[in-house]
Amino acid sequence: MDRSSLLQLIQEQLDPENTGFIGADTFTGLVHSHELPLDPAKLDMLVALAQSNERGQVCYQELVDLISSKRSSSFKRAIANGQRALPRDGLLDEPGLGVYKRFVRYVAYEILPREVDRHWYFYRHRSCPPPVFMASVTLAQIIVFLCYGARLNKWVLQTYHPEYMKSPLVYHPGHRARAWRFLTYMFMHVGLEQLGFNALLQLMIGVPLEMVHGLLRISLLYLAGVLAGSLTVSITDMRAPVVGGSGGVYALCSAHLANVVMNWAGMRCPYKLLRMVLALVCMSSEVGRAVWLRFSPPLPASGPQPSFMAHLAGAVVGVSMGLTILRSYEERLRDQCGWWVVLLAYGTFLLFAIFWNIFAYDLLGAHIPPPP
């Protein structure tokens, strides 16, 4: 039975007078008597919705949203109010799972802070479409690095090679008019150490986030961090170029770490304190390495080395925009006031950065290095 037929049957048999409410016990009996295909997690949530209502009823629209896999803010509040009716058994107790479903369960516990959301994700997850965005970006970065490494015959500190900055992908202040460079610099890297660090985080954190929150949201967050990184450098470090995907990587990592901290009690990932400390140490070390290369280059260079400000800008995007996205699992962002506030702030920053790049360099008499 398809979704529309199921909803029509429910309305005809359970709400013939169009009151707008349906008894949860009656609906559960209908599901079992007709062997209707409904995920166990959705039945659990139906009980929670009924528990949040004084008469043990479910609003018909909430039921439609449940079956249609749409979750509004009011839906989330109702689930939270009735959560005491949910079963206490966690996904860790699920027997007989295959390798892929065990990986899906692992992702649920790594990313989501509440058992009800973990159940929802586990039963709704489909392997198609796969998390192609983060995998594609990482593969493209590796291919570009291998091509330039073979061409320059240099695999570490590639930015010190005089031909490196001539790439059409690198952001250079002398080429600000070539707008694509504000994004394409993410495919270039200083060396094997930066590429390895970014690729590892993109696969370990970015892929699970994309599996849970979807391609559109995670790609938006990643690209917003990349764009904010280059624009921030053009404002705060006007003479420096930018390479590497650190703006996007730090947006993802900061959003995930902030989400873990804000939902510390609910997160069930093992060794979370140790992993949090390790992640912060690694991210801080990478920023320190970038600062060292920017101000104390170990080799003679023909111009300023890449800036570290993209890392910090990505972290800010992650804590603001990213945290809003991650806290809105399966909810419509457009229905949330906080999302529009974040978009307004980001849009204001974009407009300011655009005008800065058009007028400030000439007004301030900035001495930028000649473009390669």
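The values are calculated or read from the model by the stated rules, or taken from the named source; none is laboratory data. Quantities reported herein were computed from a predicted structural model and do not represent experimental measurements. Methodologically, a virtual Cβ is constructed for each residue, glycine included, from the backbone with ideal geometry; neighbour enumeration extends over all protein chains shown. Only protein heavy atoms, including side chains, enter the accessible area calculation; ligands, DNA and RNA are left aside. Shrake-Rupley method; radii C 1.70, N 1.55, O 1.52, S 1.80 Å.
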field: Total residues in segment 100-142, condition surrounded by fewer than 18 Cβ atoms within 10 Å (Cβ to Cβ) and in a helix (DSSP H, G or I)
entry: 13
- prompt: What is the one condition in (1) modelled with pLDDT of 90 or more; (2) more than 30 Å from residue 115 (Cα to Cα); (3) buried (at least 16 other Cβ atoms within 10 Å of the Cβ) that residue 339 does not satisfy?
  reply: (2)
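Condition check ((1) assigned to a helix (DSSP H, G or I); (2) modelled with pLDDT under 95; (3) open to solvent by 30 Å² or more (accessible area, probe 1.4 Å)) across all residues:
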{"residue": "159", "(1), (2), (3)": "yes, yes, no"}
{"residue": "183", "(1), (2), (3)": "yes, no, yes"}
{"residue": "221", "(1), (2), (3)": "yes, no, no"}
{"residue": "224", "(1), (2), (3)": "yes, no, no"}
{"residue": "227", "(1), (2), (3)": "yes, no, yes"}
{"residue": "238", "(1), (2), (3)": "no, yes, yes"}
- request: Would you check which residues across segment 186-195 are open to solvent by 20 Å² or more (accessible area, probe 1.4 Å) and at pLDDT below 95 and list them?
  value: 192, 193
- prompt: Only one of (1) open to solvent by 60 Å² or more (accessible area, probe 1.4 Å); (2) more than 30 Å from residue 366 (Cβ to Cβ) is not met by residue 276, so which one is it?
  reply: (1)
- prompt: If you scan segment 362-372, which residues turn out to be open to solvent by less than 60 Å² (accessible area, probe 1.4 Å) and either at pLDDT 90 or above or touching a helix residue (DSSP H, G or I) at 6+ places or on another chain (Cβ under 6 Å) (or both)?
  reply: 368
task: Return yes or no: is residue 320 surrounded by 14 or more Cβ atoms within 10 Å (Cβ to Cβ), modelled with pLDDT of 90 or more and either touching a Lys or Arg at 6+ places or on another chain (Cβ under 7 Å) or farther than 24 Å from residue 161 by Cα (or both)?
output: yes
Residues satisfying the stated conditions in segment 334-369, i.e. under 20 Å from residue 216 (Cβ atoms), in contact (Cβ under 8 Å) with a residue 60 or more places away in the chain and either in contact with a strand residue (DSSP E or B) (Cβ under 8 Å, 6 or more places away or on another chain) or outside any loop (DSSP other than H, G, I, E, B) (or both): 335, 346, 350
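In this structure, does residue 355 turn out to be surrounded by fewer than 13 Cβ atoms within 10 Å (Cβ to Cβ), modelled with pLDDT of 90 or more and under 30 Å from residue 165 (Cα atoms)?
yes
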